[in-house]
1. Tabulate in residue order the Karplus-calculated ³J(HN,Hα) for the stretch 246-258, using 6.51 cos²θ - 1.76 cosθ + 1.60 with θ = phi - 60°, rounded to whole Hz; enter x for Gly and Pro.
2. Over the chain, what relative contact order in percent results from Cα pairs under 8 Å that are six or more residues apart?
3. What fraction of the DSSP beta bridges in the chain is antiparallel, stated in percent and rounded to the nearest 5?
4. Starting from 0.36 nm per residue, how many nanometres of slack lie between S294 and S311 once their C-alpha separation is accounted for?
5. Taking Cα atoms, how many degrees apart are the long axis of helix 217-228 and the longest axis of the chain, rounded to 10 and kept between 0 and 90?
6. Do you know the relative contact order of the stretch 192-393, to the nearest whole percent, from alpha carbon pairs under 8 angstrom that are 6+ apart?
7. I'd like the Karplus ³J(HN,Hα) series for the stretch 365-381: coefficients 6.51, -1.76, 1.60, θ = phi - 60°, whole numbers in Hz, and an x wherever there's a Gly or Pro.
8. Nearest 10 degrees is fine. How inclined is helix 171-185 to the longest principal axis of the chain, computing both from alpha carbons?
Amino acid sequence: MKTIVMGVTSSIASYKAIELVEKLKKEFDIEIIVSKNTDNLIGKKEFENVLGRKVHTELFYKGWTYKGYLKREESEHISLADKADIFVICPATANTIGKIANGIADDLLTTSVMATNVPVLICPAMNYKMWENKIVQENVLKLKRNGFYFVEPGIGHLACGCSGVGRLAEIDTIIKSIKELIDKKNSLKGKRIIVTAGGTVEEIDPVRVITNKSSGKMGIYIAEEAAKMGALVTLIRGKTEIEPMGKINDIKINSVNELSNEIENNIKSADIMIHAAAVSDFSIIRKSNKKIKSNKCLILRLKKTIKIIDSIKKLNKKIKLVGFKAEYKVSEKELVDSANSLLKRADADFVVANDVSKGVFGSEENDVVIVGKKVEHVKGGKREIGKRILELVR
């Protein structure tokens, strides 16, 4: 039986969480964390009566010192985080959303969320002015970009007497989202996935390099989402602007040859490869072993590097392969044609192509075409695009 760890915060809508628990307990094992203010508002006994056992409220046990915790093998916020198949916060207040978005862990709920690497589903409920507040919306966007899921609030009559957006979503809608996330969590279970990310670098001398522009965000987000879906993920990355999170085998490389070697070392047992790295097309013919003096002009002679993507299906015929293609200031037809050319040449299953002249470097947004048997235009957050790629390839 799957386990839901459910946090209940002090929105007036917290009473609706009782109905949610009543419906979910027939199919799931449920652990409930009730915030202190919720306990004052509705009382944890209400939840204990429905659940049939005690709920969790305190980060620290009353009367305990550090000596007591040292004798225990685990802390409650860690054990709850490890036990969860999905974490649900329903209802979620602006305060709780803000704390999680900014890494504040000052109670049992927020520390447990910080300790978990399972999907977290947030169900906001608050006054419409609070929901529309710019800071709240920035926090929501920040969480979405970091892989948190939301059931958006509905429009309707609010407990404060106003009407607007902020009403807790319908319980059946929340249940549907929970079940979809649990199914998704296991959709790549046991699959071995290689993801490449970031830019490779080729040395000119010991202190200078040539490289490609790349933040590595797309590849890292894909790796993180694949891990959440149950995959065994190996991330092979060059220069990136961010660090990966979650259960990922993280391998760092510098040059094209290093990337190629690591792929060869891991490719035989892989089921899927998503080749999102910005691989250098050129390397230095004769690099210097000493720092080149900067008091005169320098002519660099370059040679082509190997095309890694062309060798993947030769190394593993059964692997599903996703390639990436970057173009600059082209029409969508030219972009699709370029992707199709790579698709055929590399015997890939999909090619994700984008026009990098649109300011995508370092951005959280992207605008791509995914070319396979069909052509799909996807625009939005890089993490959301990554999720779509995984849906197609699984």
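1. Karplus-based 3J(HN,Hα) across the stretch 246-258 equals x, 7, 9, 7, 9, 10, 9, 9, 10, 8, 4, 5, 5 Hz.
2. Values: 795 pairs, mean separation 44.2, N = 394.
Dividing the mean separation by the residue count of the chain yields 11 percent.
3. Details: 23 of 66 bridges.
Within the chain, antiparallel bridges account for around 35 percent of the total.
4. Using 0.36 nm per residue and subtracting the Cα-Cα distance, I get 2.2 nm.
5. That helix lies at roughly 50 degrees to the long axis.
6. Details: 433 pairs, mean separation 42.1, N = 202.
RCO, the stretch 192-393: 21 percent.
7. Computed from phi, the couplings for the stretch 365-381 are 10, 8, 9, 10, 10, 9, 10, x, 5, 10, 10, 10, 9, 10, 10, x, x Hz.
8. Approximately 40 degrees, to the nearest 10.
Every number in this text was worked out from the coordinates using simple rules, so none of it is lab data. Only a predicted model underlies this, so the values are computations on that prediction, with no experimental measurement involved. Reconstructed Cβ throughout: ideal geometry from the backbone, glycine too, with neighbour counts over all protein chains shown.
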